[in-house]
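Everything below concerns the one structure shown next.
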Amino acid sequence: MNQKPPYKRWIWFVWPLVVLLGLFLWQNFQGGGTAAGAAIYTRNCASCHMDDGTGLGNLIPALPGSAMLKGPLEELTCLIRYGSTAMQADSTVNVPPAQVMPPNPKLQPQQLVQLINFLRKTWSQESPSVGLEEVELSLEACPDSPAPN
């Protein structure tokens, strides 16, 4: 009898799953995955901007077609991390002064990458994806950023 050992039979069923899992993890680690960004949005942004991004009329801006999502990455990153008070002086995008966005200082740079990529992919398709290094450089350029050590 010429039978294959048991491990050689199941390996053909397992390796595709391992490859798919690896691709999924790699995509999310690189910041390209939208599932992690959607979860961050739900926890931190949806209570004001609503699940569908429509906002609350004149009180809270809608995200679809937002100039902020299409604008400079530095402004968007600073707005999310430090709130709208950090944006009032230097913004090239009009943010009405009555709209004060609270800061999100606990979001780590990788979470900001995931959130920004989710926001741009969902509501501003023409904006490019961003990477971790770009977001870290943007955070350093924020007016309210802590001084580097």
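The numbers here are math on the coordinates, done by the rules we state, and not lab data. Note that the coordinates shown come from a computational prediction; the quantities given were computed from them, not determined experimentally. A quick note on method: Cβ atoms are made from the backbone with ideal geometry, for glycine too, and the neighbour counts reach across all protein chains shown.
Scoring 109-116, 47-54, 72-79, 131-138 by mean Cβ neighbours within 10 Å over their residues and listing the highest first yields 109-116, 72-79, 131-138, 47-54. In order along the range 68-78, the Karplus-derived 3J(HN,Hα) couplings, from 6.51 cos²θ - 1.76 cosθ + 1.60 at θ = phi - 60°, round to 5, 5, 8, x, x, 4, 4, 5, 5, 4, 5 Hz, and Gly and Pro are given as x. Label positions at T42 and Q110, each projected 7 Å from the Cα along the C-beta direction, are separated by 2.0 nm.
Relative to the current alpha-carbon distance between L132 and A67, full extension at 0.36 nm per residue lengthens the span by 21.2 nm.
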